[in-house]
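Reviewing the structure listed below.
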Amino acid sequence: MKLSAPIRTSILGATVAGLVATGLLVMPAATAAPTSDGPSAAAAPDIPVASVQAHLGELQKIAEANGGNRAHGEPGYKASIDYIKGKLDAAGFTTSVKEFTSGGATGYNLVADWPGGDEGQTLMAGAHLDSVDSGPGINDNGSGSAAVLETALAVSREQLKPAKHLRFAWWGAEEQGLVGSRNYVNSLPDADRSKISGYLNFDMIGSPNPGYFVYDDDPAIEKVFKDYFAGLNVATEIETEGDGRSDHASFLDAGIPVGGLFTGAGRAKSAEQAQKWGGTAGESFDKCYHSSCDTTENIDETALDRNSDAIAHAVWQLSS
Ligand code: TRP
Ligand code: CA
Ligand code: ZN
């Protein structure tokens with residue numbers, strides 16, 4: 001505890017420092033003992049949404065420099081991998097780029113391990129990094145990719161020492177049918193697959209007319225996200241727009257518990273949903289879904305911020 005100035009409002013006008021010096025007052029230890037309900041996870045830090053937006057700006061530039069997209073088999077995809085990998089390497093992650101082939105083109109998954117923790121219980125968080133051919137893919141799925149990156153960088157800034165091992169991943173060729181994540185899961189030896197205690201997926205988390213959808217696959221993971229949004233007084237709904245339409249399906253099919261967040265794609269927001277979340281009823285959650293206008297303009301910053309902070313909260317809580 002730091003006492004920068006004597007506290008004059010204390011017992012009989014004596015200072016705290018004076019009472020400590022005379023042995024009349026015992027200061028509490030700096031770290032409190034765990035309470036009766038056991039040790040609790042340290043609170044996750046706030047994820048700076050400006051940093052997430054900065055990554056989106058870089059992904060947009062990468063698309064512009066490479067024919068307007070970041071799609072599987074196109075140069076903008078590999079440039080996206082190089083950008084994310086560079087940030088992780090500089091932050092102390094052990095990274096590996098895993099190649100596969102899809103539709104005659106080489107694809108890449110990027111996997112980043114945070115050294116430490118019990119590798120027998122590995123918590124994974126991931127996002128697909130590829131766009132469709134028709135645009136830069138900033139909401140789908142620069143948003144999830146940038147938020148997972150910034151969460152990983154926060155783990156490094158805080159030098160987190162989780163009980164579980166942490167692994168972050170960016171998948172290729174999701175838009176070809178979950179190809180990268182399926183390749184990763186199917187390539188793992190059985191012994192390694194059984195060490196993955198959970199997989200968290202983030203695909204489209206900054207939709208411009210956002211909803212707040214939580215996957216309802218694993219109840220324990222779902223509760224972590226629902227409780228977080230309840231604490232913000234933001235209503236959530238179960239994700240129903242695309243069962244099996246993102247990379248968590250690859251893990252689910254292998255019997256691994258999964259969870260995740262989603263702010264909506266091509267489906268229209270109902271009047272009831274607009275009432276609880278704001279935005280425009282009768283309009284798509286993302287009117288630029290899979291089109292050329294999925295740029296940095298196509299992001300709701302509040303949704304991006306809340307979901308980024310929720311990712312960090314879940315990673316901290318579920319790895320403790
Ligand atoms: N990646 C999906 C796609 O391109 C987007 C999507 C649609 C999605 N529905 C979803 C992602 C539900 C997560 C959950 O089609
Ligand atoms: Ca934040
Ligand atoms: Zn998509």
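The values are calculated or read from the model by the stated rules, or taken from the named source; none is laboratory data. Everything numeric here is computed off the predicted structure, so don't read it as measured data. Note that each Cβ is placed from the backbone with ideal geometry, even for glycine, and that neighbours are counted across all protein chains shown.
Taking the stated definitions as given, is Asp203 in contact with a helix residue (DSSP H, G or I) (Cβ under 7 Å, 6 or more places away or on another chain), buried (at least 16 other Cβ atoms within 10 Å of the Cβ) and closer than 18 Å to Ser308 by Cα?
The answer is yes for Asp203.
Output the number of residues of the stretch 225-255 satisfying the condition of being farther than 22 Å from Trp170 by Cβ and hydrophobic (A, V, I, L, M, F, W, C).
Of the residues in that region, 6 qualify.
Considering only residues that are touching a residue at least 60 places away in the same chain (Cβ under 8 Å) and polar (S, T, N, Q), which ones fall in the stretch 50-105?
Hits for the stretch 50-105 are Ser51, Gln53, Gln60, Asn69, Ser80, Ser102.
Kindly provide the set of residues from the stretch 92-106 that are under 22 Å from the mean Cα position of the chain (by Cα) and either surrounded by 18 or more Cβ atoms within 10 Å (Cβ to Cβ) or closer than 17 Å to Ala127 by Cα (or both), ordered by number.
Phe93, Thr95, Ser96, Val97, Lys98
Taking Asp89, is it exposed (fewer than 13 other Cβ atoms within 10 Å of the Cβ) and either among the acidic types (Asp, Glu) or part of a helix (DSSP H, G or I) (or both)?
Against the criterion (exposed (fewer than 13 other Cβ atoms within 10 Å of the Cβ) and either among the acidic types (Asp, Glu) or part of a helix (DSSP H, G or I) (or both)), Asp89 qualifies.
Just wondering, is there one or more residues in the stretch 267-285 that are among the acidic types (Asp, Glu), in contact (Cβ under 8 Å) with a residue 24 or more places away in the chain and out of contact with any helix residue (DSSP H, G or I) (no Cβ under 6 Å at 6 or more places or on another chain)? Even if it seems obvious, please write down each step before you answer.
Going through the stretch 267-285, the residues among the acidic types (Asp, Glu) turn out to be 272, 283.
Narrowing the set further to residues that are in contact (Cβ under 8 Å) with a residue 24 or more places away in the chain leaves 283.
Right, trim to out of contact with any helix residue (DSSP H, G or I) (no Cβ under 6 Å at 6 or more places or on another chain) and you get 283.
Yes: the stretch 267-285 contains one or more residues that are among the acidic types (Asp, Glu), in contact (Cβ under 8 Å) with a residue 24 or more places away in the chain and out of contact with any helix residue (DSSP H, G or I) (no Cβ under 6 Å at 6 or more places or on another chain).
Tell me, which residue of the stretch 285-302 that is hydrophobic (A, V, I, L, M, F, W, C) and within 14 Å of ligand 1 (Cβ to nearest atom) is farthest from Glu64 (Cα to Cα)?
Taking the stretch 285-302 as the starting set, the residues that turn out to be hydrophobic (A, V, I, L, M, F, W, C) are 285, 288, 293, 299.
This time we only want the ones that are within 14 Å of ligand 1 (Cβ to nearest atom), so: 285, 288.
Details: Phe285: 25, Cys288: 17 Å.
Out of the qualifying residues, it is Phe285.
Within the stretch 120-154, how many residues turn out to be in a strand (DSSP E or B) and either modelled with pLDDT under 95 or touching a Lys or Arg at 6+ places or on another chain (Cβ under 6 Å) (or both)?
6
Within the stretch 117-162, track down each residue that is among the small types (Gly, Ala, Ser), over 24 Å from Glu174 (Cα atoms) and in contact with a strand residue (DSSP E or B) (Cβ under 7 Å, 6 or more places away or on another chain).
Gly117
Give the residues of the stretch 248-266 that are in contact with an Asp or Glu (Cβ under 8 Å, 6 or more places away or on another chain) and without any contact (Cβ under 8 Å) to a residue 24 or more places away in the chain, sorted by residue number.
Once the filter is applied, which keeps residues that are in contact with an Asp or Glu (Cβ under 8 Å, 6 or more places away or on another chain) and without any contact (Cβ under 8 Å) to a residue 24 or more places away in the chain, the stretch 248-266 yields nothing.
Residues of the stretch 165-181 being among the charged types (D, E, K, R) and within 11 Å of ligand 1 (Cβ to nearest atom), which ones?
Glu174, Glu175, listed by residue number.
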